[in-house]
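To keep things clear, I will list the structure first and then write my remarks on it.
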Amino acid sequence: MDQAPGSPQEPKDAQGLPGCYRHPDRPTGISCTRCERPICPECMVSASVGFHCPECVRSGSGTGHAPSANQPRTMAGGTVTSDPRLVTKVLLGLCVAMFVVQMTVGDRFTERFEMLGLAWVPDLGGLEGVAEGQWYRLLTAMFLHGSYVHIAFNMLSLWWIGGPLEAALGRARYIALYLVSGLAGSALTYLLAAQNQPSLGASGAIFGLFGATAILMRRLNYDLRPVIALLVINLIFTFNPAFNIAWQAHIGGLAGGLIVGYAMVHAPRERRALVQYGACALVLVAVLVTVVVRTAQLT
């Protein structure tokens, strides 16, 4: 028998819940109060009473929402795009481009932009470091690498972890997570590492992506064991003296990623942006305080 368009009779899952009419693989117990079609959290639009589906909003349901309210959203509230890995590709391209410049220009370029607390650098002819007001090093060090193996390992991790996370969060939230995690890693390195110990690499930001991925998978009730196993393996390498890794950047990035990632996927819908970007601001304040305190110690 043919089914009339808009009928609430949708395919049901094994537990008896209907699937969202736009995402049939997502069972839901919520229906549009106008047409009664089942809708998942990504599709529902708040109305004066209950929720409306995007089609009812588009046709004029009286909710007062702008037409853009029916645009598909990621689970974190970001805009769904045609290329969900674009930012990951750009970040990867920036790291590779900077590595090419490093290999072309030489150590002088790397020494100018790597993470450094305070030290005399002969090639640059003076005292260099964050304590000398070169705060840009907290950011630029995230895009530099020390060897072919270093950049290869980090870029593979970025592609494997970053792509799916960008698709789940949306571009703006993903960029915020990446940068905030990387800065948190640089700040902890500045605070705890020897003042003359240089460090560089995207691994602080990537550890932040690891942390956010674990939060996301827990939120979706996915099996966490693969991510946990990979994270444990990376931590083993991190604390192995033979690899000479700045563990402070990894731990700082992981902590920043866990905080921001939790806010990204658990923020209440009605205050989503405030909670998400508020968490980013909170971590950045911690970064600022850390940098100011360490600079006072060194100067």
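Results, tabulated for the structure shown:
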quantity: Single residue of the stretch 64-82 satisfying the filter (surrounded by fewer than 18 Cβ atoms within 10 Å (Cβ to Cβ) and of a type in the set (Val, Ile, Thr)) that is modelled with the lowest pLDDT; calculated: 80
quantity: Any hit, the stretch 96-105, residues being out of contact with any Cys (no Cβ under 7 Å at 6 or more places or on another chain), modelled with pLDDT of 95 or more and of a type in the set (Gly, Ala, Ser); calculated: yes
quantity: Helices (runs of 4 or more DSSP H) completely within the stretch 116-213 that count 1 or more residues being in the same structural domain as residue 239 (by TED's automatic domain parsing) and of a type in the set (Asp, Glu); calculated: 163-169
quantity: Residues of the stretch 217-229 satisfying the condition of being surrounded by fewer than 18 Cβ atoms within 10 Å (Cβ to Cβ), among the hydrophobic types (A, V, I, L, M, F, W, C) and at pLDDT 80 or above; calculated: 220, 228, 229
quantity: From the options 238, 290, residue that is at pLDDT below 95, more than 20 Å from residue 216 (Cα to Cα), surrounded by 14 or more Cβ atoms within 10 Å (Cβ to Cβ) and outside the structural domain of residue 46 (by TED's automatic domain parsing); calculated: 238
quantity: Qualifying position, being surrounded by 14 or more Cβ atoms within 10 Å (Cβ to Cβ), over 20 Å from residue 77 (Cα atoms), at pLDDT below 85 and of a type in the set (Lys, Arg), among 34, 26; calculated: 34
quantity: Every residue from the stretch 227-270 that is among the aromatic types (Phe, Trp, Tyr) and in contact (Cβ under 8 Å) with a residue 12 or more places away in the chain; calculated: 262
quantity: Boolean, residue 201 is within 20 Å of residue 145 (Cα to Cα) and within 13 Å of the chain's Cα centre (by Cα); calculated: no
quantity: Residues satisfying the stated conditions in the stretch 241-264, i.e. crowded, with 18+ Cβ neighbours inside 10 Å and modelled with pLDDT under 85; calculated: 245, 246
quantity: The stretch 71-96 residues that are touching a residue at least 24 places away in the same chain (Cβ under 8 Å), paired with ones that are surrounded by fewer than 18 Cβ atoms within 10 Å (Cβ to Cβ) and aromatic (Phe, Trp, Tyr) (beta carbon under 8 Å, 6 or more apart); calculated: 88/159; 92/159
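The values are calculated or read from the model by the stated rules, or taken from the named source; none is laboratory data. Quick caveat, the model's predicted, so the values are computed rather than measured. Quick reminder, even Gly has a Cβ in these numbers, built from the backbone with ideal geometry, and neighbours come from all protein chains shown.
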